[in-house]
Amino acid sequence: MTSFAPLLDQFRGGTPPDRDEIAQIVRGLVDGSMTDAQAGAFAMAVCLHGLGDEGLLALTTQMRDSGTVLEWGLDGPVIDKHSTGGVGDCTSFLIAPALAACGAYVPMISGRGLGHTGGTLDKLESIPGITADIAPAKFRKIVGEVGCAIVAASTDVAPADKRLYAVRDVTGTVKSTALITASILSKKLAAGLDALVLDIKMGSGAFMKTVAEAEVLANALVSVANGAGCKTTALITDMNQPLAKSMGNALELSEALHALTGDGVDHDLPDMAANLAGSVLASVGLAQDATQGADLIADTFYNGNAAEVFGRMISAMGGPHDFVDRWEDRLPSAPVMQEVLPPRAGFVTAIDGEALGQLVVHLGGGRKTIGGRIDHSVGLSDIAALGDQIDADVPLCMLHARSEHDADAATKIIRAAITLGDAPMDLPPTIYKRVGQGG
């Protein structure tokens with residue numbers, strides 16, 4: 001059996017592994033010769049010391065090559081979007097079908113909840129009958145016939161990342177630019193993409209708390225992805241408040257369906273989806289520029305084309321054939337629902353998105369251990385936004401919980417996480433910067 005102790009000891013001392021040693025680590029992640037403890041030690045050393053440019057490219061491409069790298073041969077560009085993780089971020093459910101409705105193909109390999117952020121697959125699996133663990137052959141079939149599919153990284157797609165991703169969630173190593181970069185891109189590049197748009201979240205509900213931190217990650221992602229031959233744009237976007245008005249698996253999916261069907265949703269969610277998807281449409285020539293691309297994407301929400309594609313995707317993945325027509329009846333609801341009133345009247349001046357994300361996890365909507373079960377029904381809805389003027393009898397949000405005890409404990413956390421001031425604030429921009437193609 002391979003001994004990783006000398007390599008890890010060297011790395012702990014500040015000397016990063018070279019390309020051959022990274023290849024050894026990736027093989028160990030796949031064949032099991034590297035234990036969870038050793039994988040955690042490697043992840044922690046990356047957090048502390050980094051890998052350097054060459055090491056990061058090596059880890060990314062070797063994790064990509066640890067499994068199947070898809071080839072498509074379709075009659076349109078193969079493109080995708082990825083978010084670095086925030087709260088109330090459910091744009092994937094709008095972007096994938098909208099891009100497909102515009103003539104692209106979207107093989108979206110997504111993740112489950114990580115840290116305080118919700119997972120796209122956990123949200124998707126709120127739908128009865130859905131399975132996100134789909135074999136590559138079926139994945140290819142759905143993408144080719146429907147135009148998009150949102151699936152888990154199977155044992156055949158970047159298996160080294162799947163192992164490392166699970167370890168990071170329970171070893172305090174989520175917040176690493178190098179590990180985030182390698183994790184995102186190993187899956188994305190394994191999907192055989194022509195182009196990619198990245199949503200780099202910044203703020204209280206994101207892993208990156210400042211624009212400077214987000215720009216470091218954006219530059220790393222764009223550099224590695226373009227170096228591997230994938231046209232890539234990154235948008236640094238605001239996450240000082242939840243993007244949607246909801247947090248929690250079924251609740252966020254519900255809000256995404258409202259947006260897809262044009263039914264009274266706040267504009268921040270579909271506008272962000274249109275800006276992200278419009279950028280990648282422009283990078284592959286399906287739009288003249290990002291502005292026209294955003295308009296084309298928005299049209300698919302208003303004319304119903306994106307919703308129609310989404311419904312066909314859900315059916316192909318094992319969900320109800322009529323889900324888009326009857327989604328409100330199909331999603332689970334929590335047994336306890338109650339309003340959370342503010343401690344006083346005022347203007348919303350700050351929202352601790354990370355605290356709210358951790359709250360959703362503790363309510364049961366996320367995992368505390370590898371493989372832990374989640375409750376798709378719990379979370380928050382109708383969350384107050386930055387700048388809102390709140391009277392004492394106007395709720396900060398609606399709380400969805402499993403028990404009265406959970407609800408009472410959560411109420412205190414919500415009141416502490418949403419700050420009220422005596423005067424309105426200047427609202428942050430939704431998009432801070434573009435990096436890369438068309439940036």
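The sole residue among L57, L8, L94, L70 that is outside the structural domain of I150 (by the TED database) and either under 19 Å from the mean Cα position of the chain (by Cα) or open to solvent by 30 Å² or more (accessible area, probe 1.4 Å) (or both) is L57. Could you tell me which residue of the stretch 150-161 is nearest to T84 (Cα to Cα), considering only residues that are crowded, with 23+ Cβ neighbours inside 10 Å and more than 15 Å from the chain's Cα centre (by Cα)? Applying the filter and picking the extreme gives D161.
Any residue at all in the stretch 213-220 that's assigned by the TED database to the domain that holds S126 and more than 24 Å from H116 (Cβ to Cβ)? Within the stretch 213-220, one or more residues are assigned by the TED database to the domain that holds S126 and more than 24 Å from H116 (Cβ to Cβ). The listed residues are K175, K188, K245, K231, and the only one of them that is modelled with pLDDT under 90 and open to solvent by 20 Å² or more (accessible area, probe 1.4 Å) turns out to be K175. In the stretch 335-352, the residues that are at pLDDT 95 or above form Cβ pairs under 7 Å with partners that are among the β-branched types (V, I, T) and surrounded by 17 or more Cβ atoms within 10 Å (Cβ to Cβ), at six or more places apart or across chains, as follows: V340/T411; V340/I414; P342/I390; A345/I390; G346/I390; V348/I390; V348/I418; I351/I418. Among the residues of this structure, D194 counts as one that is farther than 21 Å from A43 by Cβ, surrounded by fewer than 24 Cβ atoms within 10 Å (Cβ to Cβ), assigned by the TED database to the domain that holds G86 and modelled with pLDDT of 95 or more. G144 - would you say it is part of a loop (DSSP other than H, G, I, E, B) and either under 18 Å from D194 (Cβ atoms) or at pLDDT 90 or above (or both)? Spelling it out, it is not the case that G144 is part of a loop (DSSP other than H, G, I, E, B) and either under 18 Å from D194 (Cβ atoms) or at pLDDT 90 or above (or both).
The listed residues are T61, T15, and the only one of them that is assigned to a loop (DSSP other than H, G, I, E, B) and over 30 Å from A274 (Cβ atoms) turns out to be T15.
Out of A298, A274, A307, A282, one residue alone is in the same structural domain as D199 (by the TED database), of a type outside the set (S, T, N, Q), outside any loop (DSSP other than H, G, I, E, B) and farther than 17 Å from P97 by Cβ. It is A282. Filtering the stretch 162-172 to residues that are of a type in the set (A, V, I, L, M) and either open to solvent by less than 10 Å² (accessible area, probe 1.4 Å) or under 17 Å from the mean Cα position of the chain (by Cα) (or both) leaves L164, A166, V167.
Exactly one residue among M63, M34 is open to solvent by less than 10 Å² (accessible area, probe 1.4 Å), touching a residue at least 12 places away in the same chain (Cβ under 8 Å) and over 24 Å from the mean Cα position of the chain (by Cα), and that residue is M34.
The values are calculated or read from the model by the stated rules, or taken from the named source; none is laboratory data. What you see is a predicted model; the values in this text were computed from it and never measured. Cβ: placed from backbone, ideal geometry, glycine included. Neighbour counts: every protein chain shown. Surface areas here come from the heavy atoms of the whole protein model, side chains and all, with no ligands, DNA or RNA. Shrake-Rupley method; radii C 1.70, N 1.55, O 1.52, S 1.80 Å.
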